[in-house]
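Q: Shown below is the structure under consideration.
Computed from the coordinates by the stated procedures, all read-outs in this text should not be read as laboratory data. Just so we're clear, the structure is a prediction, and the values are computed from it rather than from any experiment. Backbone-built Cβ (ideal geometry, glycine too); neighbour counts: all protein chains shown.
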Amino acid sequence: MDVDFVNYGDLVKLLESIGYLRFKSLKWYDLAEDHLGMGLHPLKGDADINHMCDHLLRNLEFSSEFHIYVEHEVDVPVPADEDEALIPE
């Protein structure tokens, strides 16, 4: 994604397109930090996206990438009834 055109709505659509239909939170990782615990920042809307992009552009010596972490629910498979055919006739 081009950092000049990233917005929260498009990011959510991208995540949905790769299977993250329900998620609890989004976070971006500051690659300039030494460890994950200090480098994760919440993404709750366009203001946070703008902050992430501004930070990225000011710190290009670390990376030209941004990393998004998704805290999501784990899908629980629903078993089929024994009477249902698994293969269509």
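Q: Would you check which residues across region 10-28 are touching a residue at least 24 places away in the same chain (Cβ under 8 Å), outside any strand (DSSP E or B) and exposed (fewer than 12 other Cβ atoms within 10 Å of the Cβ) and list them?
A: Arg22
Q: Restricting to region 41-68, and then to whatever is in contact with an Asp or Glu (Cβ under 9 Å, 6 or more places away or on another chain) and either farther than 14 Å from Met1 by Cβ or of a type in the set (Lys, Arg) (or both), can you tell me which residue is surrounded by the fewest Cβ atoms within 10 Å (Cβ to Cβ)?
A: Pro42
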